[in-house]
Ligand code: HEM
């Protein structure tokens with residue numbers, strides 16, 4: 001994933017995280033899982049994406065090893081939750097201009113990671 005970060009661009013990652021959370025706000029299944037204050041959650045998500053696509057490791061400097069599956073254990077993530085999560089990330093991605101190969105690599109990552117996060 002090393003060069004993806006540069007191809008995506010830092011500002012685009014921040015935009016994707018922001019647009020994703022705009023979708024979460026309107027989601028009757030997912031919104032109750034998230035904290036009331038979505039601003040710090042949006043920042044955690046953005047910093048994680050920066051790191052996972054090959055940018056600075058500020059996420060781990062602040063939060064430690066991602067251990068994302070474990071961090072998601074408190075939430076019941078079934079197929080429907082995953083489907084909704086994918087809808088919001090897809091909408092966010094579609095609102096951003098990206099080179100198509102870059103978009104496809106990111107979407108493949110999200111598809112796989114969201115399956116991995118299911119725990120129910
Ligand atoms: C499959 C459906 C998913 C659901 C329902 C879900 C739900 C949640 C919830 C409720 C939180 C807590 C918000 C917070 O306080 O930060 C969270 C955190 C987080 N999620 Fe997800 N998530 C899903 C998939 C994913 C995927 C695929 C990724 C990675 C691409 C991801 C990345 C994160 C990150 C980085 C955090 C913050 C972790 C931390 O540092 O505490 N999530 N998620």
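The values are calculated or read from the model by the stated rules, or taken from the named source; none is laboratory data. Since the structure is predicted, the reported quantities are computational estimates derived from the model, not experimental observations. All Cβ positions, glycine included, derive from the backbone under ideal geometry; neighbour counts span all protein chains shown.
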Here's a check for you: in segment 60-77, which residue that is within 9 Å of the ligand (Cβ to nearest atom) and either surrounded by 12 or more Cβ atoms within 10 Å (Cβ to Cβ) or modelled with pLDDT under 95 (or both) is farthest from residue 113 (Cα to Cα)?
63
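Any chance segment 35-45 includes a residue that's under 16 Å from residue 102 (Cα atoms) and part of a helix (DSSP H, G or I)? Spell out the reasoning first.
Within segment 35-45, the subset under 16 Å from residue 102 (Cα atoms) is none.
Within segment 35-45 (the criterion being under 16 Å from residue 102 (Cα atoms) and part of a helix (DSSP H, G or I)), the answer is no, since none of the residues qualifies.
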Considering only segment 84-102, I want to know if a residue exists there that is assigned to a loop (DSSP other than H, G, I, E, B) and near the ligand (Cβ under 8 Å from one of its atoms).
no
Quick one: count up the residues across segment 32-52 that are more than 10 Å from the ligand (Cβ to nearest atom) and touching a residue at least 40 places away in the same chain (Cβ under 8 Å).
1
Which number in (1) surrounded by 17 or more Cβ atoms within 10 Å (Cβ to Cβ); (2) within 12 Å of the chain's Cα centre (by Cα) marks the one condition that residue 44 misses?
(1)
Has segment 12-19 got at least one residue that is surrounded by 13 or more Cβ atoms within 10 Å (Cβ to Cβ), modelled with pLDDT of 95 or more and within 8 Å of the ligand (Cβ to nearest atom)?
no
